[in-house]
Amino acid sequence: MAARQPIATAPKDGSKVTVYWTDGNGVMNESIAQYRSAERLKALGGDVDPNDIGWWAAIDGHTQKKIDPTSWRPASGDDDDDS
């Protein structure tokens, strides 16, 4: 398993990585996430809301949440990486 790295070094090209973040209850979480830049959001069409720029993680099969991760590592190869 790859070592955790500072979030500032994570790829911001839309690729999926494993991130570590603390929720509102102080619990550390590990999630697959991707960074959504203004450029990527514009490419998807429509207006870009500045609140949509940042790290997003799938919380369950139907919910995504904007998060503030502190570290990351490459996503493992067995995760579904269909982007």
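The values are calculated or read from the model by the stated rules, or taken from the named source; none is laboratory data. Keep in mind that what you see is a predicted model, and the values were worked out from it rather than measured. Please note: Cβ atoms are built from the backbone with ideal geometry, for glycine as well, and neighbour counts cover all protein chains shown. Areas reflect the complete protein model, heavy atoms only, side chains present, ligands, DNA and RNA absent. Shrake-Rupley method; radii C 1.70, N 1.55, O 1.52, S 1.80 Å.
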Seminar exercise, completed: Residues of region 8-26 being at pLDDT 95 or above, over 11 Å from the mean Cα position of the chain (by Cα) and open to solvent by less than 60 Å² (accessible area, probe 1.4 Å), in sequence order, are GLY26
For this session: Read through the list (1) within 20 Å of SER76 (Cα to Cα); (2) surrounded by fewer than 17 Cβ atoms within 10 Å (Cβ to Cβ); (3) modelled with pLDDT of 95 or more, then give the number of the only condition that MET1 fails.
Result: (3)
Exercise. Within region 65-83, which residues are open to solvent by less than 100 Å² (accessible area, probe 1.4 Å), over 12 Å from GLN34 (Cα atoms) and at pLDDT below 80?
Worked result: SER76, GLY77, ASP79
For this session: Tell me which residues, restricted to region 27-55, are open to solvent by 50 Å² or more (accessible area, probe 1.4 Å) and outside any loop (DSSP other than H, G, I, E, B).
Result: MET28, GLU30, ILE32, ARG36, GLU39, ARG40, LYS42, ALA43, PRO50, ASN51, ASP52
For this session: Keeping to region 12-57, report how many residues are within 22 Å of SER76 (Cβ to Cβ), of a type in the set (S, T, N, Q) and out of contact with any Asp or Glu (no Cβ under 7 Å at 6 or more places or on another chain).
Result: 4
Exercise. Looking at region 36-75, which of its residues are more than 23 Å from THR9 (Cα to Cα) and not β-branched (Val, Ile, Thr)?
Worked result: LYS42, ALA43, LEU44, GLY45, GLY46, ASP47, ASP49, ASP60, GLY61, HIS62
